[in-house]
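Remarks on the structure that follows.
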């Protein structure tokens, strides 16, 4: 009886393992398929961007639509983050008599890391989801096919123009967020001490080198590429009607945010290796 | 002379066979209608002809060129000689009616602003919608969208027109208006057309030749008169529904 019971339970385990196996394989296969699809989709950008027609009018339209409308959100967030960093760190620095280092600390952390990453995450939330939803809706209503049957390459018209706009706007937005964040930090300093703007700004400028500025701004172009290409990829491959559009929009934000943080980790390591 | 020739097309999605050994020929300057129930694979057939979907096997010859074997650039060049009316018209949401019509034209031919405007207005007059030139697609009714879609498809002077369910979602009066419009445009421009539809009334107005797609196979091809005489149950079901 016991042997029979053990056999039964073993069979049950085998059955459940057999049932789980295809599910695991399915997930892995799906993951590989999506990664491959995103890679091929991304690589297609580089030859396409150099081939005419260039659709500069569309790029300009997207710069305005995606970029200028992100200014208020990015600016307010930058100001508040700068203010909070200064408010939080000043008491500790003061305790050690090092509060004069506050401008340098805020400047380096903002220019190297906080500015690029915060701006990228904000833009990912606003722009990547927007692109995903817009292209997704175009896909499910056959508008992308309509472009294709007109003999026009929809990748060039819809994807290249948007990704290019994201690449161009990201460094500009980051530079703006850095400046506003540093101003926010000064507001916090001015409230609690008598440091003048001139002294604060001199300390900021003296503390920064090209090794802080160049990698900080250069990586924003890579973040822009990620934001644009992920949004476009999700929208371009949306399926399943309005549900698919919603899914494309959500996945675009999640995936682009994750990729930004992951890429940042690699780029920080690379920057430290190049400029020790 | 055959302008469109589909030979032994097979297509399956996720193991489910949609088209099985489908072959059809459409002569230059004639109109064919493919009838079939919803989900029979009619739109898939049309999308294979224009190169939007690759078949698992078979060929789709347009003017002697096999769409299945062509490269992206060659397909794009071939598509410039074809027009396609989508089931939901597929007008670009972010563009006005004028911009919708200008979009394919500007990218295919170099025209002055005046010539472009002329072509757009002429095309809209043909479909009776010149007053809607500045409207956005969201401001148009279903029938108006179909008309604008038709004008957009015809603005580049295609030789071949493909219609995907041209009367679906329209009331019977508008359906008939669209069907007669298609017929008049067909005669005016000597188009070679293929329409996929489940609307027998529309097929009767526009088509010289009819084929019935049933269970993935293209059965019972012929003129409307010959099909009307058929005793086959599938064929009869389409005629009875009118």
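Per 0.36 nm of contour for each residue apart, how much would the distance between residue A:113 and residue A:88 grow if the chain were fully extended, relative to their Cα-Cα spacing? If you can, show how the numbers build up before the last one.
Working: separation 25, 0.36 × 25 = 9.00 nm, distance 1.75 nm.
Gain on extension, residue A:113 to residue A:88, equals 7.3 nm.
Across the protein assembly as shown, counting alpha-carbon atoms alone, Rg and Dmax equal 29.9, 102 Å.
Annotation: for a label point projected 7 angstrom from Cα along Cα→Cβ of residue B:37, residues of region B:202-242 with backbone N closer than 18 Å are B:211-220, B:232-242.
Of the residues A:275, B:10, the one with the fewest other Cβ atoms within 10 Å heads the list, and the complete ranking is A:275, B:10.
Under a Gaussian network description of chain A, with springs only between Cα atoms under 10 Å, the residue in A:157, A:94, A:183 that fluctuates furthest is A:94. For chain A, the relative contact order works out to 30 percent when only alpha carbon pairs closer than 8 Å and six or more residues apart are counted. Neighbour counts of other Cβ atoms within 10 Å put B:179, B:94, A:257 in the fewest-to-most order B:94, A:257, B:179. Rounded to the nearest 10 degrees, the angle from helix A:197-207 to the longest Cα principal axis of chain A is 60 degrees. Ordering A:110-117, A:30-37 by mean Cβ neighbour count within 10 Å, with the highest value first, yields A:110-117, A:30-37. Model label sites at residue A:100 and residue B:225, defined 7 Å from Cα along the beta-carbon direction, differ in position by 10.6 nm. Size of region A:58-274 from its Cα atoms: along the principal axes, largest to smallest, the extents are 68, 34, 28 Å. If you take the Cα centroid of region B:191-242 and the Cα centroid of region A:74-120, the two points sit 73 Å apart.
Angle, helix B:113-126 long axis vs. longest principal axis of chain B, Cα atoms, 0 to 90°, nearest 10? Tilt of helix B:113-126: around 50 degrees.
The alpha carbon centroids of region B:143-168 and region B:92-107 are separated by 14 Å.
Counting every other Cβ atom within 10 Å of each residue's Cβ, A:59, A:160 order from fewest to most as A:59, A:160.
With the largest listed first and rounded to whole Å, the semi-axes of the equivalent ellipsoid of region A:119-182 from the Cα gyration tensor are 31, 13, 5.
Note on chain A: GNM, Cα springs under 10 Å; of A:46, A:79, A:96, the largest mean-square fluctuation is that of A:96. Across peptide A:146-159, the mean count of Cβ atoms from other chains lying within 10 Å of each residue's own Cβ comes to 6.
Looking only at A:207, A:150, A:137, which one moves most when chain A is put into a Gaussian network model with springs between Cα atoms under 10 Å? Evaluated over chain A, the most mobile residue of the options is A:150. If R0 is 22 Å, what FRET efficiency do you get for residue A:273 and residue A:28 from their C-beta distance, rounded to 0.05? Working from the Cβ atoms, E equals 0.10.
A simple packing score, the average count of other Cβ atoms within 10 Å per residue, orders the peptides B:37-45, B:12-20 as B:37-45, B:12-20, with the highest score first. Every Cα-Cα pair of chain B was included, and the share exceeding 23 Å stands at 49 percent. Helix B:142-154 axis versus longest C-alpha principal axis of chain B: approximately 80°, rounded to the nearest ten.
Counting only other chain Cβ atoms within 10 Å of each residue's Cβ, the peptide B:98-109 averages 2.
For residue A:76 and residue A:201, what is the calculated FRET efficiency with R₀ set at 25 Å and r taken between the beta-carbons, to the nearest 0.05? Result of the calculation: an efficiency of 0.70. Taking the Cβ-Cβ separation of residue B:66 and residue A:262 as r and a Förster radius of 45 Å, what is the calculated FRET efficiency to the nearest 0.05? About 0.55, to the nearest 0.05.
Need one value for B:86-93: mean number of C-beta atoms belonging to other chains within 10 Å of its residues' C-beta atoms. Please report the intermediate quantities before stating the final value.
Values: counts 6, 2, 5, 4, 9, 3, 5, 5.
For peptide B:86-93, the averaged partner shielding equals 5.
With Cα atoms defining each centre, region A:212-264 and region A:176-195 are spaced 31 Å apart in the structure.
Every number here is computed from the coordinates shown, using simple stated rules; none is lab data. Computed from a predicted model, the values in this text were never measured in an experiment. So basically every Cβ, Gly included, is an ideal-geometry build from the backbone, and we count neighbours across all protein chains shown.
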